[in-house]
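The values are calculated or read from the model by the stated rules, or taken from the named source; none is laboratory data. Keep in mind it's a predicted model, so treat the numbers as computed, not measured. Here the Cβ positions follow ideal geometry from the backbone for every residue, glycine too, while neighbour counts run over all protein chains shown. When the accessible area is computed, the model is the full protein with side chains, heavy atoms only, and any ligands, DNA or RNA have been set aside. Shrake-Rupley method; radii C 1.70, N 1.55, O 1.52, S 1.80 Å.
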Amino acid sequence: NEWRGEFCNKKKNGELYWESACISSIKNAEGVITNFIEIAEDITGRRQAEERIHQLAYYDPLTGLPNRALYIDRLSLALARAQRTREMLVVLFLDLDWFKDVNDTLGHSVGDQLLKSVAGRLTDSLRKEDTVTRLGGDEFALLLPGIDLVENAAGTAQKILEAVKKPLMLDGHELNITASLGIAIHPADGESAETLLK
C-alpha cells in the first residue's frame, strides 16, 4: 500500500544524503501492482541541524565530553542498575587547583587548551564503560559503574590524579597542575543521584 520513512540514500555521484520519502503502489484494473511512485525530499540539512542541537544539548562544546544533563541521565541509569544488581557505583568529582590563575596569567586560550588536555587524560585513564563529564569551568565529574572493591575506587582515583599532574607544554609554557578529588560510593555514601553528587 504505502510506506513512509527516512533513510540514508546515495546520489548518482556517490554522495550520501538523508531522504524523507513516501512510496505508494500503483495498481491496474485487476488490482495487480504495476508501478511504484515516490515523493521524496532531501532532509540532510534538517538532520544535520538536529544532530547539532543534540550535540549542544548533551555535550560540552570545548572538550566534547558529556555535559551535566547527560551525566545526570547516565548517573540515574547506572544508579538504577546498581540498586537492581547490588553493585557498587563510584562518583568522582574533580576540580583543578589554581585554574583561575592560569586564565589570569596566561590567558583563556591556554586555559581552554589545559581543559582539553585534562579531558583527554581523564578519558584515557578510565574504562570504556566509565563516563567523564565537564560540569563547567574546571570541574569534572566521573562515573564508574561496577567497581567491586573500595580499594579499586581509591586506586582509580590515585591513577587519575597522577595522570592530571603530569607536566604539560602549552604555548611555550610548562604547566604543572594538580587537582582536588572527592569520592562518593553507592550504597555506602548515598542511595540517590543528588546525595552522591553532594
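Residues are listed down the side, and each one gets a yes or a no for (1) within 23 Å of residue 157 (Cα to Cα); (2) open to solvent by less than 40 Å² (accessible area, probe 1.4 Å); (3) part of a strand (DSSP E or B); (4) free of Cβ contacts under 8 Å to residues at least 12 places away in the same chain:
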{"position": "47", "(1), (2), (3), (4)": "no, no, no, no"}
{"position": "51", "(1), (2), (3), (4)": "no, no, no, yes"}
{"position": "57", "(1), (2), (3), (4)": "no, no, no, no"}
{"position": "70", "(1), (2), (3), (4)": "yes, yes, no, no"}
{"position": "74", "(1), (2), (3), (4)": "yes, no, no, no"}
{"position": "78", "(1), (2), (3), (4)": "yes, yes, no, no"}
{"position": "82", "(1), (2), (3), (4)": "yes, yes, no, no"}
{"position": "89", "(1), (2), (3), (4)": "yes, yes, yes, no"}
(request) For residue 175, indicate whether it is surrounded by 14 or more Cβ atoms within 10 Å (Cβ to Cβ) and touching a helix residue (DSSP H, G or I) at 6+ places or on another chain (Cβ under 9 Å). (result) yes
(request) For residues that are of a type in the set (S, T, N, Q) and either part of a strand (DSSP E or B) or surrounded by 13 or more Cβ atoms within 10 Å (Cβ to Cβ) (or both), scanning just the range 1-29, find the one that is farthest from the chain's Cα centre (by Cα). (result) 25
(message) Can you list residue pairs whose Cβ atoms sit under 9 Å apart, with the first residue in the range 151-180 being of a type in the set (Gly, Ala, Ser) and the second being open to solvent by 50 Å² or more (accessible area, probe 1.4 Å) and at pLDDT below 90? Count only pairs 6 or more apart in sequence or on different chains.
(response) 155/149
(message) So residue 177 ticks every box in (1) under 22 Å from residue 68 (Cβ atoms); (2) assigned to a loop (DSSP other than H, G, I, E, B); (3) of a type in the set (A, V, I, L, M) but one. Which box is left unticked?
(response) (1)
(request) Among the candidates 133, 156, single out the residue that is buried (at least 18 other Cβ atoms within 10 Å of the Cβ), among the polar types (S, T, N, Q) and farther than 18 Å from residue 79 by Cα. (result) 156
(message) Can you pull out every residue in the range 116-130 that is open to solvent by less than 30 Å² (accessible area, probe 1.4 Å) and charged (D, E, K, R)?
(response) 130
(message) So in the range 180-198, with the set limited to residues that are outside any helix (DSSP H, G or I) and aliphatic (A, V, I, L, M), which one is farthest from residue 87 (Cα to Cα)?
(response) 181
(request) Quick one: which residue in 106, 94 is within 22 Å of residue 139 (Cβ to Cβ), under 25 Å from the mean Cα position of the chain (by Cα) and open to solvent by less than 90 Å² (accessible area, probe 1.4 Å)? (result) 94
(request) Name the one entry in 28, 67, 9 that is polar (S, T, N, Q), at pLDDT below 95 and under 30 Å from residue 141 (Cβ atoms). (result) 67
(request) Any chance you could count how many residues in the range 180-198 are modelled with pLDDT of 90 or more, among the polar types (S, T, N, Q) and within 18 Å of residue 71 (Cβ to Cβ)? (result) 0
